[in-house]
Amino acid sequence: MGKKIVQFAAWMSIILMVASSVSAAVKVSSEAGAVNRMVIHVDEGKETIAPEIYGHFAEHLGRCVYEGFWVGEDSEIPNVRGIRTDVVEALKKLDIPVLRWPGGCFADEYHWKEGIGPREERPSMVNTHWGMVTETNAFGTHEFLDLCEQLDCEAYIAGNVGSGTVEEMQDWVEYMTFAGDSEMANLRRQNGREEPWRVKYFGVGNENWGCGGNMTPEYYADLYKCYQTYVRSYSGNAIVKVACGPSSDDYRWLTTVLERANRHMHAISVHHYVRGSGNWTRKGSATEFDEGEWFALMKNTLTIYDLLKGCSEIMDRFDRRGRIGLFVDEWGTWWDAEPGTNPAFLYQQNTVRDAVSAGIFLNAFNDHCDRVRMGNIAQTNNVLQAMILTDGPKMIVTPTYHVFEMYKVHQGATYLPSDLTCRAYGRSGQELPSLTASASKGKSGQIYITVCNLDATKPAEFVCELDGAKANRVAGRVLTGPTMNAMNTFDEPEAVKPVSLNGIAVQNGAIKVTLPARSVSVLTVQ
Ligand code: AHR
């Protein structure tokens, strides 16, 4: 699977493109007068885009869970059983399919038994990864699964391998999902929940190559096999077991874990964070940047295509029939924390640049939906590339939130293969494709096309043809901003939001439209 991004450029830049890490299958042409052209093969759709590709992640980190979700039952902020209503309502508009919790790095130091029972009796702990702050355990298993029920989404729990025991993990799954008479199920009843919950996804550790225990892949693979043995499917709750995969392209980790444990997993994760030209110490500002930094983020975001191709090829070696899913269960942009905030809380603003980056990721996931069966952007509220920012009772949604809202039409739709030809977006002797796009067919026959214009300054004339059909009526929406760093703030919460994409023409069944510079668009074709 994958799309051909055909790049028109001069010969030297053609050579650069071949060598670059741009897409799954880059075709190069030196034709002059290129147009941006997408051809969608309407009759060749085979794969379903898993709704979970559009999933989210909430960690006990900074103000994601506390303040972001949990305000407590006595709060003046409207809430249902302590969970704030405005945030739940906003996320429901995204058709949020799945939520991953409690970490992240936090998962491998979380002891779930401290987070059940009467809240006033729960012990506190130190959140050693994220600022050494006191974790009250007010938000625990019952609260999280209540949140998933309020959101009407699947639960994805990350278990503790780094500092937890096999017994602790087994007990947790039994506590949540066993319908019969057992010590754990009865403890759940004693704590107010008679019926078991549905918990579809369970991760056996998180980043065990780093914050989850600094393990070698050999050691982790052996531990994984042991721990997962006791992650049982109780009472009809068919649990999907997720092994910890690599950080980005650490293919040795991926290969070793698959080689040793592939028969014991339903999915394996990969984490992929991106930034501009910065490094882990100075990642760069989320809001103050020039076009060079814009370009650097676009370039780094496009590495997702090569990463998914690389992971898929390795997975094919150990799992020819495609049984094991690739879960990109942490991804997104990572900038320096906003000035004046606790750096350990990873609070960052979110601009049109983040939105275009998100659109590229999501197009890439669609393009690899034969393997990519889940994605969880980091993180839901107030942390990293957040959907939602809160300030006391105030809440705003970010440009990235709007991308998820625009792309939700792909959830559960049939992926349509396509070929994309586009001009280069060049800067300082480097060139990138100026567009990425993906397409799907919804249950009632509409075709959805999502397309990102990566170029910070130039609009793109875009032509889209349907191979096997003719477009009739087409509607479009677009997200962009007056500047590269346009964002929503508590004073101006709607500065960046989707508007209708005007000027769409249909000629002989082909669609023509101008895509604004630095934009994400969705077209719905009848
Ligand atoms: O999302 C923030 C952190 O990034 C997570 O806790 C960890 O898994 C990753 O390194």
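Observations, loosely collected:
- Residue in the range 134-145 that is without any contact (Cβ under 8 Å) to a residue 60 or more places away in the chain, assigned to a strand (DSSP E or B) and open to solvent by 60 Å² or more (accessible area, probe 1.4 Å) present: yes
- Of the criteria (1) out of contact with any Phe, Trp or Tyr (no Cβ under 7 Å at 6 or more places or on another chain); (2) in a loop (DSSP other than H, G, I, E, B), which one Asp43 fails: (2)
- Residues of the range 256-269 that are closer than 17 Å to Arg321 by Cα and over 23 Å from the mean Cα position of the chain (by Cα): Glu259, Ala261, Asn262, Arg263, His264.
- Residue match in the range 380-390 (condition: closer than 14 Å to Thr287 by Cβ, surrounded by fewer than 24 Cβ atoms within 10 Å (Cβ to Cβ) and either within 16 Å of the ligand (Cβ to nearest atom) or of a type in the set (Gly, Ala, Ser) (or both)): no
- Total residues in the range 160-183, condition of a type in the set (Val, Ile, Thr) and within 16 Å of the ligand (Cβ to nearest atom): 1
- Conditions (1) open to solvent by 30 Å² or more (accessible area, probe 1.4 Å); (2) within 16 Å of the ligand (Cβ to nearest atom); (3) more than 23 Å from Gly55 (Cα to Cα): number failed by Arg282: (2)
- Checking Val499 against (1) more than 26 Å from the chain's Cα centre (by Cα); (2) surrounded by fewer than 18 Cβ atoms within 10 Å (Cβ to Cβ), the condition it does not meet: (1)
- Of the residues in the range 145-159, none is away from the ligand (no atom under 16 Å from the Cβ), among the β-branched types (Val, Ile, Thr) and modelled with pLDDT of 95 or more.
- Of the residues making up the range 329-358, just one is of a type in the set (A, V, I, L, M), within 12 Å of the ligand (Cβ to nearest atom) and surrounded by 24 or more Cβ atoms within 10 Å (Cβ to Cβ), namely Leu346.
- Picking from residues in the range 219-237 that are farther than 18 Å from Thr165 by Cα and open to solvent by 50 Å² or more (accessible area, probe 1.4 Å), the one that is nearest to the ligand (Cβ to nearest atom) is Ser233.
- Evaluation of Tyr110 against (1) of a type in the set (Ser, Thr, Tyr); (2) in contact with a Gly (Cβ under 8 Å, 6 or more places away or on another chain); (3) away from the ligand (no atom under 16 Å from the Cβ) (one fails), failing number: (3)
- Number of the condition not met by Gly192 [criteria: (1) outside any loop (DSSP other than H, G, I, E, B); (2) open to solvent by 40 Å² or more (accessible area, probe 1.4 Å)]: (1)
- Counting only strands (runs of 3 or more DSSP E) that sit wholly inside the range 399-514, those with at least 3 residues that are touching a residue at least 40 places away in the same chain (Cβ under 8 Å) are 414-416, 418-427, 430-433, 435-441, 447-453, 460-467, 474-479.
- Listed by first and then second residue, the pairs with beta-carbon distance under 6 Å, at least 6 apart or on different chains, first residue in the range 211-229 and outside any helix (DSSP H, G or I), second small (Gly, Ala, Ser), are Gly212/Gly162; Gly212/Gly205; Gly213/Gly162.
- Residue within the range 53-60 that is within 25 Å of Phe404 (Cα to Cα) and open to solvent by 10 Å² or more (accessible area, probe 1.4 Å) present: no
- Comparison of Arg252, Arg232 shows that the only residue that is in a loop (DSSP other than H, G, I, E, B) and among the basic types (Lys, Arg) is Arg232.
- Options Asn186, Asn191; residue that is out of contact with any helix residue (DSSP H, G or I) (no Cβ under 8 Å at 6 or more places or on another chain) and more than 16 Å from the ligand (Cβ to nearest atom): Asn186
- Single residue of Val463, Val478 found to be modelled with pLDDT of 95 or more, closer than 16 Å to Arg37 by Cβ and β-branched (Val, Ile, Thr): Val463
- In summary, Trp209 fulfils each of the numbered conditions (1) more than 16 Å from the ligand (Cβ to nearest atom); (2) open to solvent by 20 Å² or more (accessible area, probe 1.4 Å); (3) touching a Pro at 6+ places or on another chain (Cβ under 8 Å); (4) within 19 Å of Gly103 (Cβ to Cβ) with the single exception of condition (1).
- A Cβ distance below 7 Å, combined with a sequence gap of six or more or placement on separate chains, defines the contacts here; from the range 174-185, residues that are more than 18 Å from Trp112 (Cα to Cα) reach residues that are outside any helix (DSSP H, G or I) and open to solvent by 50 Å² or more (accessible area, probe 1.4 Å) in the pairs Ala179/Ser235; Gly180/Ser235.
- Residue count, the range 87-118 (criterion: part of a helix (DSSP H, G or I), aliphatic (A, V, I, L, M) and surrounded by 22 or more Cβ atoms within 10 Å (Cβ to Cβ)): 3
- Candidate set: the range 238-279, residues that are touching a Pro at 6+ places or on another chain (Cβ under 7 Å) and open to solvent by less than 50 Å² (accessible area, probe 1.4 Å); chosen: the one nearest to the ligand (Cβ to nearest atom): Val270
The values are calculated or read from the model by the stated rules, or taken from the named source; none is laboratory data. Every value quoted in this text rests on a predicted model; they were computed, and no experiment measured them. A quick note on method: Cβ atoms are made from the backbone with ideal geometry, for glycine too, and the neighbour counts reach across all protein chains shown. Protein only, heavy atoms only, side chains kept; ligands, DNA and RNA dropped before computing areas. Shrake-Rupley method; radii C 1.70, N 1.55, O 1.52, S 1.80 Å.
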